[in-house]
């Protein structure tokens with residue numbers, strides 16, 4: 001990819017924020033607060049080098065980290081700022097070795113910024129990639145786990161100074177369950193550092209170049225806005241995606257269940273989509289898009305909801321009756337389309353056994 | 001009473017009985033811990049019991065325990081090596097080996113589990129504990145009163161999950177550990193409150209192993225002599241026979257990792273025509289008359305004994321029709337301080353009673 005990032009700079013942050021929010025597919029939390037914290041670190045003169053995946057040494061020790069909790073809570077309970085750093089230190093202590101680089105667990109949403117913040121604090125580089133290429137609601141839905149990384153030792157920390165180390169867990173589902181139980185006690189927001197990975201593994205398992213991708217995607221939207229071009233089209237062009245529908249939200253059912261925002265929204269088409277009806281199912285993130293009762297796009301492909309006029313992404317908790325939206329489908333990375341990946345992040349894993357994943361058709365044909 | 005010097009196979013029956021007694025209805029049935037300890041003693045030999053004053057000041061003392069709802073432990077048995085994994089995990093975190101095992105809770109299952117661990121690890125066990133009875137939450141120990149941190153704490157379950165906690169205070173430790181225990185299936189093994197010998201000398205209650213051994217011995221001797229043990233226990237331990245009657249109703253729920261509820265008991269013989277309510281949260285916490293007057297409250301001990309055999313009855317096995325003696329014992333003086341009552345007084349548990357020492361009620 002042209003214009004590969006070598007360093008996160010002040011000029012990148014606004015673009016990163018928008019790109020990460022789009023890749024969050026409605027979930028992943030708002031990157032805004034993380035952006036402000038990273039900005040403070042950069043203004044203090046701290047550096048955040050970015051390592052392209054192919055330059056990562058095989059024996060480097062890489063830790064994937066991010067916030068864990070309910071995004072709704074993160075809006076009101078602002079993080080203290082060193083949660084992930086404390087979790088990282090606990091993992092380092094557990095393995096008895098310093099970590100060489102950090103990587104985002106999830107590029108979509110708030111967790112795009114967490115590794116950058118921790119990297120600035122710890123004086124470490126971030127790797128250009130992540131474990132999802134988007135956002136997913138549960139921790140086992142990550143390529144590290146899908147492609148065989150052990151789940152322990154991992155650590156989580158809260159703003160009060162509590163630290164929990166998962167020394168040994170049967171699998172990532174157990175890590176998810178035990179961490180979820182702990183994060184509720186922590187007030188539904190905490191930082192989590194996952195088990196250290198070897199550079200050689202990260203090169204195989206990471207969704208590549210997603211930090212650069214998020215930054216460039218955000219830039220495309222900002223450029224379109226500045227030049228009075230259609231920002232929705234800019235997103236589609238940049239990501240090789242497709243406009244699924246322009247529509248008004250005609251019904252919205254959303255409730256909190258097991259710590260997740262779940263529900264669906266009903267759509268009435270306008271413009272080119274006039275006469276069509278649509279439906280999107282969600283669990284923190286948008287999962288399935290159906291037109292006139294037929295599924296067109298589903299997880300792990302990305303379903304993105306943008307404000308039809310401004311092109312700004314709308315998160316699931318900000319959805320309202322009557323909003324005019326553009327629904328986009330963006331193809332996910334091939335690492336998420338393998339049989340072992342689909343078992344974890346395909347529609348059946350979200351409770352839709354009747355929906356079969358078919359790679360979405362892109363503009364030029366699939 | 002003579003201090004206990006070592007625990008052999010022959011002692012385990014007494015210890016389990018005495019542990020059930022000091023369990024005040026909770027702490028889990030010591031039976032499972034008893035057979036685990038017996039197995040370990042058979043394999044590795046008797047466990048030495050040492051007085052806290054005989055410990056080196058820089059010795060490492062590690063309490064081990066089972067955490068969870070007793071109702072769950074009845075059905076979900078430990079695999080057997082979780083407690084030793086919790087100990088080994090804590091040793092790894094601290095970077096040194098334990099010199100002695102400690103009992104956090106002299107009542108219930110946790111009176112016998114540490115013996116199993118001590119035997120397996122080839123370590124002595126300290127003649128003391130942190131409660132002088134059983135309590136439902138892990139910050140309710142004399143170590144908290146003395147300012148000893150529960151952390152680092154390790155937890156292990158039968159599936160192989162292992163966790164280390166480092167929290168800001170002991171109440172937070174309880175909250176995290178409780179939540180994780182529920183996720184582990186309602187029961188897990190823990191190692192916590194690592195102490196130096198010097199700390200243990202200041203922060204622990206003494207003689208608890210000897211005491212539960214003696215109580216168990218009394219219960220058994222009286223059984224053999226065909227007498228109810230309540231009279232002799234009252235005499236030798238300063239106890240009070242509070243009530244005798246038949247259990248008419250038990251309302252019991254397992255919520256938030258605890259067995260909670262109330263039992264109604266109607267009087268028999270000298271107590272005929274009267275009835276009392278027993279409130280419990282794993283342990284019996286409040287005994288009150290029908291019109292709400294307390295006759296005994298936590299932290300004093302409320303024990304339920306079988307009217308015929310004198311055998312202690314736990315909150316999870318008690319049922320309709322049981323004929324029982326409600327027996328009260330004064331708690332360790334450490335619990336009667338302001339700080340002690342904040343930790344374990346009736347109001348902490350949500351009961352509308354102020355603490356009055358049992359001998360004054």
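Counting other Cβ atoms within 10 Å as a rough exposure proxy, the listed residues A:294, B:181, B:314, B:8 run A:294, B:8, B:181, B:314 from fewest neighbours to most.
Inverting the pair-averaged 1/r between distinct Cα atoms of the protein assembly as shown gives 28.1 Å as its Kirkwood hydrodynamic radius. For chain A, the 222 nm mean residue ellipticity estimated from helices alone, with every DSSP H stretch of n ≥ 4 adding -39500 (n - 2.57) and the total spread over all residues, rounds to -8500 deg cm²/dmol.
Largest mean-square fluctuation among A:351, A:69, A:241, in a Gaussian network model of chain A whose springs join Cα atoms under 10 Å apart, belongs to A:351.
With the Kirkwood sum run over all distinct C-alpha pairs, the range A:137-268 has a hydrodynamic radius of 18.4 Å. Here the mean projected area of the convex hull built on the C-alpha positions of the range A:254-359 is 7.1 nm². Spin-label model, residue A:147 to residue B:53: label points 7 Å out along the Cα-to-beta-carbon direction sit 6.5 nm apart.
Across every direction, the projection of the convex hull enclosing the Cα atoms of the range A:83-178 has a mean area of 6.0 nm². If I model a spin label as a point 7 Å beyond the Cα along the Cα-Cβ vector, how far apart are those points for residue B:352 and residue B:168 in nm? Modelled inter-label distance: 3.3 nm. Per the Debye calculation on the range B:1-127 with a single equal scatterer at every Cα and no solvent contribution, log₁₀ I(q)/I(0) for q = 0.09 Å⁻¹ amounts to -0.23. Look at B:129, B:29 and count the other Cβ atoms within 10 Å of each Cβ; fewest to most, that gives B:29, B:129. Secondary structure note: in chain B, about 90% of the DSSP beta bridges are antiparallel. The share of C-alpha pairs in the range A:1-135 whose separation exceeds 19 Å stands at 46 percent. Of all the options A:145, A:104, A:338, the one that moves most in a Gaussian network model of chain A with Cα springs shorter than 10 angstrom is A:338. Measuring how big the range B:214-306 is from its alpha-carbon positions, Rg and Dmax come out at 14.4, 43 Å.
Placing dummy labels 7 Å off each Cα toward the beta-carbon, the span from residue A:200 to residue B:2 is 6.5 nm. Given in Å, the Rg to one decimal and the Dmax to the nearest whole number for the Cα atoms of the range B:201-247 are 13.5, 43.
Computed from the C-beta positions of residue A:354 and residue B:361 and an R0 of 51 Å, the FRET efficiency is 0.20 to the nearest 0.05. The stretch between residue B:43 and residue B:202, if pulled fully straight at 0.36 nm per residue, gains 53.9 nm over its current Cα-Cα span.
Report the normalised scattering of chain A as log10 I(q)/I(0) at q = 0.08, 0.11, 0.13 Å⁻¹, calculated by the Debye formula with identical scatterers on the alpha carbons. Debye intensities relative to I(0), on a log10 scale: -0.35, -0.68, -0.97.
Rounded to the nearest 0.05, the FRET efficiency derived from the C-beta distance between residue B:311 and residue B:254 at R0 = 25 Å is 0.55. In chain B, helical runs assigned H by DSSP with n ≥ 4 each contribute -39500 (n - 2.57); averaged across all residues and rounded to the nearest 500, the mean residue ellipticity at 222 nm is -9500 deg cm²/dmol. Fewest-first ordering of B:258, B:135 by other beta carbons within 10 Å of each residue's beta carbon gives B:258, B:135. Kindly give Rg over Rh for the range B:101-258, based on alpha-carbon atoms, with the Kirkwood expression for the hydrodynamic radius. Here the Rg-to-Rh quotient is 1.01. Restricting the calculation to Cα atoms, every distinct pair contributes to the Kirkwood radius of the range B:178-225, found to be 14.4 Å. Once chain B is represented by equal point scatterers at the alpha-carbon sites, with solvent omitted, what log10 I(q)/I(0) does the Debye formula produce at q = 0.15 Å⁻¹? The Cα Debye sum returns log10 ratios of -1.28.
Readers should treat all values here as calculations from the given coordinates under stated rules, not as data from a laboratory. All values derive from a computational prediction rather than experimental measurement. When we count neighbours, we look across all protein chains shown, and the Cβ atoms used for this are built from the backbone with ideal geometry, even at glycine.
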